[in-house]
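The values are calculated or read from the model by the stated rules, or taken from the named source; none is laboratory data. The structure presented is a predicted model; accordingly, all values stated were derived computationally and were not measured. What goes into the accessible areas is simple: the full protein's heavy atoms, side chains included, and nothing from ligands, DNA or RNA. Shrake-Rupley method; radii C 1.70, N 1.55, O 1.52, S 1.80 Å.
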Amino acid sequence: MTVSPTKPLAPTHLKYLLSLDLITRATSAFADIDCAYHHAVYTGSRQVAGFWEYLERRHPGIDAADLGEEDIGHLYVAHHSEQAAAPYAMIRLVVQRAEEGWVHPVSDRLLDLWEDHYRRLGMADPSLGRGRPELAPTDEVIDLLVRHDACLDGRPLAAPVYLDATRKGLPLRLVVSEEGQANYLIQLLRELIPVLPRYDLVVLAHDVELRSDYRTVAHVLQTLGAKVARFEVPRVPLDGVRRSARAGGWEGYTLDAFQGPLIERHGLAAFRLGLRLYLVAGLGRTAQQSFTMQHLGRWVRRAERLLSERTGGGVDVGPYLPRLTGGQGYADPYRVATALMSRDEDVPVADLLRLVTGGSEEQ
């Protein structure tokens with residue numbers, strides 16, 4: 001599940017992205033992996049195309065180059081404040097353009113800002129989300145699912161299309177409306193189904209609120225013969241409240257809002273590691289506590305000590321990392337993050353730190 005390029009990166013998004021980064025770095029040490037993360041896959045969904053239609057209608061000719069991340073976030077909040085969502089007839093043209101590869105300049109600007117963030121955070125792939133994969137035609141995907149009894153196809157009757165995981169006790173999930181509007185789930189399947197034969201395991205990463213959707217997707221992929229695991233990330237509370245970015249409340253909690261003083265005081269390497277440790281290990285699997293600058297500062301100081309104490313090394317961590325999979329076949333980022341703070345002599349902490357930070361000593 002990609003973070004749609006419509007909003008600022010708040011702590012929830014950063015927890016998700018840095019968890020994916022840990023999964024990618026650690027799992028690649030003992031397995032051949034690919035990370036399927038493309039923003040363009042979902043640009044035809046209402047969440048993105050609806051925002052773009054709003055920008056074209058309400059802010060034609062907007063100069064995206066002058067916008068900051070929070071400026072774009074305020075536009076996104078204003079879009080969702082409209083009393084009624086635009087009917088599909090109004091966004092159909094935008095969806096068609098998105099299917100052809102067009103990206104609204106505001107989202108393109110946001111992706112540039114995010115790439116700067118990814119580089120500053122030391123992400124393994126600083127251009128994460130750029131590019132466009134080959135997608136299977138929607139009609140072919142639906143026909144395949146119908147043949148495997150994983151879909152109810154109402155197209156011949158001008159009715160909706162539903163994913164069918166009722167055998168797993170899950171409700172039918174609409175994926176194409178009677179008007180022909182496809183949602184993000186059918187786009188996801190268009191990306192994944194063509195490449196399923198290449199892989200022994202598919203790991204679906206998503207936030208907790210989408211659990212039902214991704215249980216349905218997992219069932220569909222399993223019906224097609226894939227082995228599937230799911231990795232969930234909770235929303236991080238801000239001031240005691242869990243809310244979607246469309247509701248606002250992220251002001252002062254974006255990366256630009258809090259990174260400067262911490263990097264100046266403790267160095268970039270400590271900030272990178274401390275933010276990972278805090279969001280992944282400190283807030284844990286459930287993120288019950290709110291994100292605070294006080295706690296982030298403590299974790300950055302802890303990361304600074306870890307980096308200064310790092311000695312030894314030269315150990316191949318590949319044989320060790322499968323212990324951190326929890327039997328799921330991929331490195332669990334929570335287990336990796338907590339292992340970095342272990343005092344157990346059997347844990348190759350120095351080499352794990354090099355793996356997680358990419359060996360960067362940049363200050």
Q: Heavy atoms only, probe 1.4 Å: what % of the accessible area of the range 104-205 goes to carbon and sulfur, would you let me know?
A: 50
**Q.** Accessible area expressed per residue, the chain, with surrounding protein chains retained (probe 1.4 Å, Å²)
**A.** 45
Q: Using a 1.4 Å probe and ignoring any ligands, DNA or RNA, find the accessible area of THR311 and quote it in Å² to the nearest 10.
A: 100
Q | Sequence-distant residues sharing a close amide H with VAL233 (under 5 Å, placed H) | A | HIS206, ASP207, VAL208
**Q.** Helix-only mean residue ellipticity at 222 nm for the chain, each DSSP H run of n ≥ 4 adding -39500 (n - 2.57), per residue, nearest 500
**A.** -13500 deg cm²/dmol
Q) Between the range 277-335 and the range 208-241, how many Å separate their Cα centres? A) 22
(Q) Between 0 and 90 degrees, rounded to the nearest ten: what's the tilt of helix 11-27 against the longest Cα principal axis of the chain? (A) 70
Q) Helix 46-58 sits at what angle to the longest principal axis of the chain, using alpha carbons and giving 0 to 90 degrees rounded to 10? A) 80
Q: With everything on Cα atoms, drop me the angle between helix 105-121 and the longest principal axis of the chain, reported from 0 to 90° to the nearest 10.
A: 20
**Q.** Against the rule of thumb 2.2 N^0.38 Å, how large the Cα Rg of the chain comes out
**A.** 1.03
